[in-house]
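Novice: Have a look at this one before I ask anything.
The values are calculated or read from the model by the stated rules, or taken from the named source; none is laboratory data. Source: prediction; values computed, not measured. Quick reminder, even Gly has a Cβ in these numbers, built from the backbone with ideal geometry, and neighbours come from all protein chains shown. Only protein heavy atoms, including side chains, enter the accessible area calculation; ligands, DNA and RNA are left aside. Shrake-Rupley method; radii C 1.70, N 1.55, O 1.52, S 1.80 Å.
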Amino acid sequence: MGVPSTQASNAIIYLTYGAFLVTGCYIAWRLRHQSKTEWLSSNKTQRGIPLALNFIASALGSGILFTYPQIATICGVQGLLVYALSSSLPLLIFGLLGPIIRKKCPEGFVLTEWTRQRYGAVGGLFLSICTLITLFLYMVAELSALQQIITALTGLDGLPAVIVECAVTTIYTSIGGFRVSFVTDNIQGTMVVGLIILGVITVGVETNIDRSLIEESGFLKPSLLGWQLIYILPVAILTNDFFLSGFWMRTFASRTDQDLWIGVSIASAAVCCILTLVGVTGLLAVWSGALAIGDEEGGYLAFFLLLGQLPAWVVGIVLVMVVSLSTAAFDSFQSAMISTGSNDLFRNKLNLWVIRGLVVVFIVPVVVVALKSPDILQIFLISDLVSASVIPCLVIGLSDKFYWWRGFDFVVGGLGGIFTIFLFGLVYYDGNTDLAGDLLLLENGLYANDWSAFGAFVAAPVGSLLWGFGACGLRLVFLYILSGIKGHRFDALDRPIPP
């Protein structure tokens with residue numbers, strides 16, 4: 001196996017981190033005179049190309065080296081293309097909804113601010129909790145993936161790299177805030193695009209394919225799971241993107257609506273190509289004999305098993321790519337977490353130095369949980385189920401035709417969607433409460449050979465809408481009866497007067 005020496009691996013990893021630290025601190029020093037508002041957001045300041053690079057850097061992460069090759073080894077070309085398209089096309093939703101939300105909430109910089117304005121404090125807090133938990137899980141997943149990748153590529157303990165990455169991003173993020181994350185993402189996004197293209201081309205050139213394994217693998221044929229994923233993945237990823245404040249902060253940062261569309265369009269196309277290229281390594285791993293056909297449990301290691309057949313210098317390129325991917329994603333989550341928490345929980349009343357202190361303090365529980373090396377895919381799936389339950393009732397409020405839709409309806413609908421998954425589990429598993437509870441956490445994974453995951457992702461949005469409209473109906477009936485008792489005019493369906 002072509003593995004760089006311990007000294008070479010450490011030099012590659014920590015010199016890359018050192019370069020990011022110096023660059024981030026220099027940018028933060030240049031921005032040292034910015035106000036608290038500028039530290040938290042950069043509304044209407046960015047052009048299309050920088051936005052595109054930022055969306056690319058925020059949409060990726062080192063975890064893609066596990067998940068996309070794995071799905072290729074399970075569902076072949078069909079599953080890989082569905083996953084890549086489902087991950088990239090939802091970025092266009094920010095170009096579609098961003099102008100609408102900015103018009104309705106011009107002073108905001110995250111979706112939760114519009115939610116608070118539209119649905120009230122309780123509705124805003126409900127979405128904020130969902131958002132903060134999701135960002136926390138994504139940060140945990142990123143560090144967990146980094147730790148496992150460093151070990152898989154070099155044989156070294158991944159813990160020091162995790163700690164160094166947290167220190168590096170925390171230092172320059174706490175000094176420069178969102179704006180330094182935005183600028184560093186431009187650099188990291190450019191590096192990621194270049195390194196992935198270089199790395200994948202190198203892997204393709206250096207890999208020897210056994211053509212007899214292509215037909216035997218069955219990767220070119222459709223499958224039942226592949227057809228199920230055509231529904232599951234778009235619903236899961238599209239709704240979950242609403243919880244990622246980093247995307248919304250970049251949406252509000254666009255100088256014009258045209259810049260926003262340029263940014264998300266370029267990013268969507270680039271992300272689709274990148275994820276497809278990364279996922280193809282799963283196919284190559286099987287076709288080259290590095291991974292046995294039908295080894296679904298080992299599919300998440302397909303990328304690394306393939307690298308094991310290649311020269312050490314290829315692994316060196318991949319190491320730089322991994323550090324760039326992880327740092328770009330992690331500092332985006334970090335700045336999004338702090339800006340969202342400051343806005344939603346403290347209404348931006350905290351002193352800037354206190355906010356900077358929170359950046360440092362908050363990183364500790366993230367590292368502690370990440371060191372337990374949780375299942376990365378399952379973390380994403382749990383978050384996806386919650387978002388599929390909450391977002392359908394949220395977006396109803398974007399339409400002026402549903403002016404009578406209230407925060408009570410939104411919150412009940414979101415919670416009802418989650419409860420409906422459990423109810424579906426009771427029916428699907430013949431009343432077994434343990435299995436129904438496991439379905440809420442998708443303990444059997446997304447790739448189980450049954451209809452449980454598919455049913456859960458159907459139950460979540462459908463149940464959410466049913467509970468939401470049911471709650472709306474009960475609320476209106478209650479208010480109608482109450483107005484009759486008190487002798488007041490029933491005004492719950494009156495169109496609100498715009499401010």
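Novice: Lysine pairs in the chain with Cα distance under 24 Å, only those 8 or more apart or on different chains: how many are there?
Specialist: 10
Novice: Here is a further query. Highest mean first, what order results for 177-187, 402-412 on Cβ atoms within 10 Å?
Specialist: 177-187, 402-412
Novice: Hey, what do the phi angles of the range 455-462 turn into as Karplus ³J(HN,Hα) couplings, whole Hz, using 6.51/-1.76/1.60 and θ = phi - 60°, x for Gly and Pro?
Specialist: x, 5, 7, 7, 5, 4, x, 5
Novice: If you don't mind, there's one more thing I want to ask. I need the phi-derived Karplus couplings for the range 59-73: 6.51 cos²θ - 1.76 cosθ + 1.60, θ = phi - 60°, integer Hz, Gly and Pro marked x.
Specialist: These are the phi-based 3J(HN,Hα) values: 7, 9, x, 5, x, 5, 6, 9, 6, 6, x, 5, 5, 5, 6 Hz.
Novice: Rounded, prolate or oblate: pick one for the chain, where a ≥ b ≥ c are the square roots of the eigenvalues of its C-alpha gyration tensor, a/c under 1.5 means rounded, and failing that, prolate if a/b is larger than b/c, else oblate. Walk me through the numbers on the way to the answer.
Specialist: Numbers: a/c = 2.07, a/b = 1.32, b/c = 1.57.
It comes out oblate by the Cα gyration axes.
Novice: In Å², what does the accessible area per residue of the range 285-339 work out to with a 1.4 Å probe?
Specialist: Working: 1410 Å² over 55 residues.
Accessible area per residue, the range 285-339: 26 Å².
Novice: Could you tell me whether the range 327-439 comes out rounded, prolate or oblate from its Cα gyration tensor? Rule is a ≥ b ≥ c as square roots of the eigenvalues, rounded for a/c under 1.5, then prolate if a/b exceeds b/c, otherwise oblate. Please list the in-between numbers first.
Specialist: Values: a/c = 2.77, a/b = 1.28, b/c = 2.16.
Oblate.
Novice: Another question, then. Determine one quarter of the surface area of the Cα convex hull of the range 78-226, which equals its mean projected area, and express it in nm² to one decimal.
Specialist: That works out to 13.7 nm².
Novice: Using θ = phi - 60° and the Karplus curve 6.51 cos²θ - 1.76 cosθ + 1.60, what whole-Hz ³J(HN,Hα) does each residue of the range 23-39 get, with Gly and Pro shown as x?
Specialist: Calculated HN-Hα couplings, in order: 4, x, 5, 5, 5, 4, 5, 5, 9, 5, 9, 6, 7, 4, 4, 5, 5 Hz.
Novice: Computing the accessible area with a 1.4 Å probe over protein heavy atoms, can you report the carbon and sulfur percentage for the chain?
Specialist: 68 percent
Novice: Using 0.36 nm per residue, how much length does the chain from T37 to Y429 gain when fully extended, once their Cα-Cα distance is taken away?
Specialist: Full extension from T37 to Y429 adds 136.0 nm.
Novice: Separate question: Any idea of the accessible area per residue across the range 392-499, 1.4 Å probe, to the nearest Å²? It would help to have the intermediate numbers written out before the result.
Specialist: Numbers: 6020 Å² over 108 residues.
On a per-residue basis, 56 Å².
Novice: Extension gain V360-E206, at 0.36 nm per residue separation less the Cα-Cα distance, in nm? Provide the component values of the computation, followed by the final result.
Specialist: Details: separation 154, 0.36 × 154 = 55.44 nm, distance 4.31 nm.
Result: 51.1 nm gained on full extension.
Novice: Can I ask one more? Per residue, what accessible area does the range 11-129 have, given a 1.4 Å probe and all protein chains present, in Å²?
Specialist: Accessible surface, normalised per residue, equals 38 Å².
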